[in-house]
Each structure stands twice: as structure tokens, then as C-alpha cells.
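K.L.:
Please see the structure below; I have some questions.
The values are calculated or read from the model by the stated rules, or taken from the named source; none is laboratory data. Being a predicted model, the structure only gives us computed values, none of them experimental. In this analysis, Cβ positions are derived from the backbone assuming ideal geometry, glycine residues included, and neighbour counts consider all displayed protein chains. These area figures cover heavy atoms from the full protein model, side chains too; ligands, DNA and RNA do not enter into them. Shrake-Rupley method; radii C 1.70, N 1.55, O 1.52, S 1.80 Å.
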Amino acid sequence: MRKPILIGNWKMNGSLQANQALMVRLLPRLRLFRRAIDLAICPPSPYLFQVRDLLGYTGVMLGAQNAAGYVSGAYTGENSATMLQEMGCRYVIVGHSERRVLFHESSQEVAARFRAVLSAGMTPILCVGESLTERESGLTSVVIEQQLQAVVDEVGIAAFANAVVAYEPVWAIGTGQTATPEQISEVHQKIRKFVAGSAPEASIDLGQELRIVYGGSVKQANAYDIFSLADVDGGLIGGASLHADEFGAIAGALADASGVTGEVSAI
Ligand code: PGA
């Protein structure tokens, strides 16, 4: 049984004042769903301490947006996985397309970051996804399999038992253009098949156990339809996670699509 998960990725947004205001409005909404779904917030690193305190004992977990692939040393500007773990992080996003495209992180580098997050006892959220040109050239599956394979080569397929994969088509991120349910289903099924096929001898059925979430212009209006798809286990939410009403409603849509209503799970 895969427990649904909703992750808010604030990207490089926020301020002490804005974060406080957002959390005060958001947390009462999220509390309704914490039994039904896993919830995580990934603020920029300077605000991890603040957000950890605001989360308190709500059950909403803290995450980071990236982690170094190195343990420690002369890597100016990087945060080690151990440091993030010490801050209270449970999840770390790795391989977000903004990192891959804008900061030229290769799939090998992403794999090293994935390893570091696992070694520090946290759960990596591995982002994979194709650009528009790659999709239009029929390369979607090839690109995503290469991104997954780089991680398999680094840590082995069994490591996926402690990971979340996020399918984020690059052309759908922050553009308002969402992938269609057919496109999402097709890729999620392929990711599951790839993982199952890479672990034929695994004692648990990794393909069935792996949580795969969708990200890319998810909002209140389209969340329920996306989360109702059989192979979608939740969402990685950027822009909409900065708005309490919107993110709260998306959490409600995920709980509903999973068959557990907010009222039932309220404490
Ligand atoms: P978006 O971003 O929801 O703003 O499209 C998603 C992401 O980048 O994780």
C-alpha cells in the first residue's frame, strides 16, 4: 500500500515575515489531512530553522531543495546532507529540472546527491522529466530511463525502496501547462515498469511499492483528476504551494482521491 505524499517546493521564494504568514494560514488546513497523506514543505535553506519551528508537532515534515554529493570540504555554497538532516529534514529533492538545466547538474551528479541523502538517513525525491523538444522527438522514455539508470548505476535499484520519484515534464513546470492524464499515466507506468524490470530478484515488488508523484502546474482545479490516476501517488507542487488556500485544497484533493476525507482524518 503506497501512502500518498504531497510536497511543497517553495523554490527561491519567501522571507521571514511571508513564511510565518503562510504557515499560520496553511498549517490548520494541512492538519486535517496528515493522517491520510504524508506532507512535506521544502523551503530555501536559510529558512529551514524557521520552518522547522513553525511545523512543530503538526506531523508535516521538513524537506530541502538539494544536497551536496560530497560529505564535507571545500564546496563553497553547498549544503551537506548531514547538515540538512541535523536541521530536521526528512526529505530532499534531487535532480530538479531547474538544477539540471540552469545549474548544469548532470545525471551522475544528481546520482551522487541521491546517494548522500540516503546515507544521511533521509528520503530523496528524485525528479525526472523530458523537455518539450525531447517529447516532440519521441525521446520521453529514453530521457527518463537515462535519468533513472544513472541513479541505479550509483546506488543500485534496491535503494529505490527508500525514495520517491517525481515525474516533472520540464515544459509543464511553472508554465500553467499541465500534462494530460494520458501523458501522466503513460510515463508513471513506464517508470514503474523500469524499476520492476531493474529488480527482477528483489524480495519486495519495488515497481509496486515505489511512490511516484507528478509535478508541473498542479493547482486546485486539476489536482483531483491527476491524483485519481492509478499510478499517481501524490504531487510535487511549486507555485501553488506558496498560497495557503490553494495548497490546502490540493492536499484535500489528494486525500479525497485516495479515498480518505479530511473530516475522517481530523484530530
Ligand atoms: P510548479 O512547479 O508547480 O510551479 O509548476 C513544480 C516544481 O517545479 O516542482
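K.L.:
For the range 1-145, what relative contact order do you get, as a whole percent, if you take Cα pairs closer than 8 Å and at least 6 residues apart?
P.N.:
19 percent
K.L.:
Continuing with the same structure: Just to check I understand the Karplus step: with θ = phi - 60° and J = 6.51 cos²θ - 1.76 cosθ + 1.60, what whole-Hz values come out for the range 184-190, glycine and proline as x?
P.N.:
5, 4, 4, 5, 4, 5, 5
K.L.:
Which percent of the accessible area of the chain is formed by carbon and sulfur heavy atoms (probe 1.4 angstrom)?
P.N.:
53 percent
K.L.:
Further question on the same structure: How much area per residue is accessible in the chain when the probe is 1.4 Å and only protein heavy atoms are counted (Å²)?
P.N.:
Per residue, the chain has an accessible area of 45 Å².
K.L.:
To continue, here is another question. From the Cα gyration tensor of the range 1-122, with a ≥ b ≥ c the square roots of its eigenvalues, which class applies: rounded if a/c is under 1.5, or else prolate if a/b is larger than b/c, or else oblate?
P.N.:
It is prolate, given that a/c is not under 1.5 and a/b is the larger ratio.
K.L.:
Counting just the Cα atoms, what span does the range 5-257 cover along each of its three principal axes? Round to the nearest Å and put the largest first.
P.N.:
For the range 5-257, the Cα spread along each principal axis is 46, 45, 37 Å.
K.L.:
What's the local net charge at THR123, with K and R +1, D and E -1, over the other residues with C-beta under 15 Å away?
P.N.:
Here the charged neighbours net out to +3.
K.L.:
Rounded, prolate or oblate: which fits the range 137-267 when a ≥ b ≥ c are the square roots of the eigenvalues of the alpha-carbon gyration tensor, with rounded for a/c under 1.5 and prolate only if a/b beats b/c?
P.N.:
Judged from the Cα gyration tensor, the range 137-267 comes out oblate (a/c at least 1.5, b/c at or above a/b).
K.L.:
Remind me, relative contact order of the range 5-257 in percent, using alpha carbon pairs under 8 angstrom and six or more residues apart?
P.N.:
Relative contact order for the range 5-257 comes out at 20 percent.
K.L.:
Right, something else. Below 10 angstrom from the Cβ of ARG113, what's the summed charge of the other residues (Lys, Arg +1; Asp, Glu -1)?
P.N.:
My count for the surroundings of ARG113 gives -2.
K.L.:
Which sequence of LEU139, LEU148 reflects their accessible areas, 1.4 Å probe, from the largest down?
P.N.:
LEU139, LEU148
K.L.:
Using alpha-carbon positions, what is the distance between the centroids of the range 131-173 and the range 54-69, in Å?
P.N.:
Value for the Cα centre distance between the two parts: 24 Å.
K.L.:
Please say if the range 71-211 is rounded, prolate or oblate, where rounded means a/c under 1.5 for a ≥ b ≥ c the square roots of the C-alpha gyration tensor eigenvalues, and otherwise the choice is prolate for a/b larger than b/c and oblate otherwise?
P.N.:
Oblate is the answer for the range 71-211, as a/c is 1.5 or above yet b/c matches or exceeds a/b.
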